[in-house]
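A.B. asks: Quick one: the structure is below, and I'll ask about it shortly.
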Amino acid sequence: MNEMTLPSVGSKSRYNPRRQTYNSKSSSVYKPTRSGFLRSFYAVLQRWQSETMFTSSPIKKTSHPSYRALVDNARLVTPLIIEELRKNPSPLVWVLEEAYKIHPYSDSDIGDIEATSKAWVIWAENNGQTLQP
């Protein structure tokens, strides 16, 4: 099950893992809204950050289920990740590296979260991966 597509809290839906769909008691199909999608992204991000903030192990941070959900959906949420990196350089760069299999920075910047975050922001601007004004 993918955390990014969960129905909103309080809905009376049942997940069917064989079909990967949600069936509501009202027999309507769950259709994510823009605000629901944004809430899901920030909920997954918040969970990852809060549950890994006191660990220095990159292995523990990158094996967290929320990290995996971010990587699996990175191409959908790249503009949101870029906005987060603009505000606060962070290990979110690892999500982009794993999803895109590139690192748009020099080898001398490896391990420097601020420098790698800036490089990803520049990459996103050059590749149309930013939020539209």
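A.B. asks: List the residue pairs whose Cβ atoms are under 6 Å apart, where the first residue sits in region 46-66 and is among the hydroxyl-bearing types (Ser, Thr, Tyr), the second is part of a loop (DSSP other than H, G, I, E, B) and surrounded by 13 or more Cβ atoms within 10 Å (Cβ to Cβ), and the two are 6 or more positions apart or on different chains.
C.D. replies: Thr52/His64
A.B. asks: Restricting attention to region 54-89, report how many residues are under 17 Å from Ala43 (Cβ atoms) and not in a helix (DSSP H, G or I). Reasoning before the result, please.
C.D. replies: Initially, region 54-89 is screened for residues under 17 Å from Ala43 (Cβ atoms), giving 64-74, 76-77, 80-81, 83-84.
Adding the requirement that they be not in a helix (DSSP H, G or I) leaves 64, 73.
The number of residues fulfilling the criteria is 2.
A.B. asks: Has region 24-38 got any residue that is closer than 14 Å to Leu92 by Cα, of a type in the set (Val, Ile, Thr) and modelled with pLDDT of 50 or more?
C.D. replies: no
A.B. asks: Quick one: count up the residues across region 119-133 that are surrounded by 15 or more Cβ atoms within 10 Å (Cβ to Cβ) and assigned to a helix (DSSP H, G or I). If you could, list the steps in order and put the result at the bottom.
C.D. replies: Within region 119-133, the first condition is being surrounded by 15 or more Cβ atoms within 10 Å (Cβ to Cβ), and the residues that meet it are 119-121, 123-124, 129-130.
If we keep only those that are assigned to a helix (DSSP H, G or I) as well, we get 119-121, 123-124.
Looking only at that region, the number is 5.
A.B. asks: Give the number of residues within region 70-79 that are buried (at least 19 other Cβ atoms within 10 Å of the Cβ) and either modelled with pLDDT of 95 or more or of a type in the set (Val, Ile, Thr) (or both). It would help to see each step written out before you state the result.
C.D. replies: Of all residues in region 70-79, those buried (at least 19 other Cβ atoms within 10 Å of the Cβ) come to 70, 73, 77-78.
Then keep just the ones that are either modelled with pLDDT of 95 or more or of a type in the set (Val, Ile, Thr) (or both); that gives 70, 77-78.
Adding up the residues that qualify gives 3.
A.B. asks: Same structure again: Suppose the filter is free of Cβ contacts under 8 Å to residues at least 60 places away in the same chain, in contact with a His (Cβ under 9 Å, 6 or more places away or on another chain), surrounded by 14 or more Cβ atoms within 10 Å (Cβ to Cβ) and part of a helix (DSSP H, G or I); does Thr116 pass it? Steps first, answer last, please.
C.D. replies: Details: free of Cβ contacts under 8 Å to residues at least 60 places away in the same chain: yes; in contact with a His (Cβ under 9 Å, 6 or more places away or on another chain): yes; surrounded by 14 or more Cβ atoms within 10 Å (Cβ to Cβ): yes; part of a helix (DSSP H, G or I): yes.
Yes.
A.B. asks: Here's another thing I want to ask about it. Condition (residue is loosely packed, with under 15 Cβ neighbours inside 10 Å and over 21 Å from Ser57 (Cβ atoms)) applied to region 93-102: is it met by at least one residue?
C.D. replies: So the first thing to find is which residues in region 93-102 are loosely packed, with under 15 Cβ neighbours inside 10 Å, and the list is 101-102.
Within this subset, residues satisfying the condition of being over 21 Å from Ser57 (Cβ atoms) are 101-102.
Within region 93-102, one or more residues are loosely packed, with under 15 Cβ neighbours inside 10 Å and over 21 Å from Ser57 (Cβ atoms).
The values are calculated or read from the model by the stated rules, or taken from the named source; none is laboratory data. These numbers were taken from a predicted model, which means no experiment stands behind them. For neighbour counting, all protein chains shown are included, and Cβ atoms are generated from backbone atoms with ideal geometry for every residue, glycine included.
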